[in-house]
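Trainee: The structure that follows is given in the form of structure tokens.
The values are calculated or read from the model by the stated rules, or taken from the named source; none is laboratory data. This structure is a prediction, so every number in the text was calculated from the model and none was measured. Here the Cβ positions follow ideal geometry from the backbone for every residue, glycine too, while neighbour counts run over all protein chains shown. Side chains included, ligands, DNA and RNA excluded: accessible areas come from the protein's heavy atoms. Shrake-Rupley method; radii C 1.70, N 1.55, O 1.52, S 1.80 Å.
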Amino acid sequence: MENPVWNQVLAAFENQRARNEQENDRRRREIAEKYPDLDALVNQRHEMILGAVRGAFSGGMMQNAEAAMAEYNQRIAAMLKEKGYPKNYLEPVCACPLCGDTGYIYENGLQKQCECLKKAYQQALSQADGNEQENQTFAAFNPLRFPDTPLPGTDVTQREYMGVVREKCQQYARNVGAGPVKTLLLHGGSGLGKTFLLNCVAHEAQAKGVDTLSVSAYDLLMALKSAYFSRNGESADAYFDAELLLIDDLGMEPLMENITVEQIYNLLSSRLKRGLYTVITTNLSREELKQRYTERVSSRLLDPRTGIAIAFRGQDIRLTRPV
């Protein structure tokens, strides 16, 4: 399945490389027109490089190629400085010196994503969800939206109960990055405020500089699936690497055999091993989570040693009149 956010990021990198080439060409033309002697030196260096390459392919290496290159570079840098230009004015233009704006680097002969590509993808994902979350903060949380009637079987009202839930969520948000509780599971019926509080956690964490990433469970699974079957370098690293990952509506994604449970299990296990923080909302009960995702996944969501699960109870506030 196509991932429009990923394609958008790749297109942005391609456009950046095109702009780089245009700027490289402009600088070369400028130097050639104003300073033919410097341009000639640059051309000599280029011919020397070609000669070294040809020598390598013909079985012999040009003697002292590195020394000759260093001498050319020093002379060109000195001439540029003398004429009022930066010493690196004729070096390839790029925003990321590690990958040259390709998005990929090589380590031990293997291609891997550059950190700049991972960061760009993560920012694009966050931006895609950012508008919805903008006004959903703990300060904007209004307990009066919840009925002031006792929850079934208790003498605690839904309004009082949600006040406590809000405090627990805010405490979790404040401890992200330092606290021992890694996973926050918000479960219960629709219209009880789970997504609102998930976005409140995201806002609070972002305000203190935590690297956050929000995604729906459906989009998450599509991204994990696409990366798993990808042949063009598509990656889901952003979901594995974000310090705080927020997954909304777990259980609404398709249950694909040998894919859904395995991919979600791998993600949760990896994040727990690395001590990263994850918030999840779901309309499923504890038992329904176990039935849908097996004991392996549910145990990582419900383990009291590493997380906290909060049940949302009461009436759907979307069906009540706002106060």
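Trainee: What length, rounded to one decimal in nm, is gained on full extension from Leu110 through to Thr149, with 0.36 nm per residue of separation minus their alpha-carbon distance?
Mentor: 7.9 nm
Trainee: What's the carbon and sulfur percent of segment 154-219's accessible surface, probe 1.4 angstrom, rounded to a whole number?
Mentor: Carbon-and-sulfur percentage of accessible area, whole number: 49.
Trainee: If the elastic network links every pair of Cα atoms under 10 Å, which of Leu184, Leu110, Leu192 fluctuates the most in the Gaussian network model of the chain?
Mentor: Top of the fluctuation ranking is Leu110.
Trainee: Counting other C-beta atoms within 10 Å, and keeping those with at most 11, which DSSP coil trypsin sites (Lys or Arg not before Pro) do you find in segment 164-257?
Mentor: Here the trypsin sites (Lys or Arg not before Pro) that fit, given the DSSP loop and packing criteria, are Lys208, Arg231.
Trainee: Here's something else I'd like to know. So which aspartates and glutamates pass the test for Lys87, namely a Cα distance under 18 Å, with those fewer than 8 places away in the same chain ruled out?
Mentor: Result set, ordered by chain and number: Glu23, Asp25, Glu30, Asp37, Asp39, Glu71.
Trainee: Could you order Met162, Met256 so the one with the most accessible surface comes first? Probe is 1.4 Å.
Mentor: Output order, biggest surface exposure first: Met256, Met162.
Trainee: Sticking with this structure for a sec: Under the rule a/c < 1.5 gives rounded, and otherwise a/b versus b/c splits prolate from oblate, where does segment 221-323 land using the Cα gyration tensor?
Mentor: Verdict is prolate for segment 221-323.
Trainee: Just Asp25, Asp249, Asp37 to compare: in a GNM of the chain, with alpha carbon springs under 10 Å, which one fluctuates most?
Mentor: Comparing Asp25, Asp249, Asp37 in the GNM, the peak value goes to Asp37.
Trainee: In addition: In the set (1) 23.6; (2) 16.1; (3) 20.4, which value of mean projected area of the Cα convex hull in nm² was calculated from the structure you see?
Mentor: (1)
Trainee: For the chain, build the charge dipole from Cβ charges (+1 Lys, Arg; -1 Asp, Glu) around the Cα centre, then report which of Cys114, Ser269, Val5 sits farthest towards its positive end.
Mentor: Ser269
Trainee: Give me a comma-separated list of calculated 3J(HN,Hα) values for segment 203-208, in order, Karplus coefficients 6.51, -1.76, 1.60 applied at θ = phi - 60°, integers in Hz, x for any Gly or Pro.
Mentor: Result, ordered by residue: 5, 4, 5, 4, 4, 9 Hz.
Trainee: So which trypsin sites (Lys or Arg not before Pro) in segment 245-276 pass both tests, a DSSP loop state and at most 11 other Cβ atoms within 10 Å of the Cβ?
Mentor: Listed in order of number, the matching sites are Arg274.
Trainee: Shifting gears a bit: Estimate the FRET efficiency between Met252 and Val181 by the formula 1/(1 + (r/R0)^6), using the beta-carbon distance for r and 25 Å for R0, to the nearest 0.05.
Mentor: With a Förster radius of 25 Å, E is 0.50.
Trainee: Heavy atoms only, 1.4 Å probe, whole protein assembly: order Ile310, Ile49 by accessible area, highest first.
Mentor: Correct descending sequence by accessible area is Ile49, Ile310.
Trainee: Moving on to the next point. Looking only at Val93, Val279, Val42, which one moves most when the chain is put into a Gaussian network model with springs between Cα atoms under 10 Å?
Mentor: With Cα springs under 10 Å in the chain, the top fluctuation among Val93, Val279, Val42 is at Val42.
Trainee: A further question follows. Given R₀ = 25 Å, what would the calculated FRET efficiency be for Asn266 paired with Asn7, taking r from the Cβ atoms and rounding to 0.05?
Mentor: 0.55
Trainee: Below 15 Å, Cα to Cα, which aspartates and glutamates can Lys194 reach? Residues fewer than 8 away in the same chain don't count.
Mentor: Of all the aspartates and glutamates, those that pass the test against Lys194 - Cα under 15 Å, at least 8 places apart if same chain - are Glu132, Glu167, Asp248, Asp249, Asp316.
Trainee: Of Leu185, Leu255, Leu302, which has the most accessible area with a 1.4 Å probe, and how do the rest follow in descending order?
Mentor: Sorted by accessible area, descending: Leu255, Leu302, Leu185.
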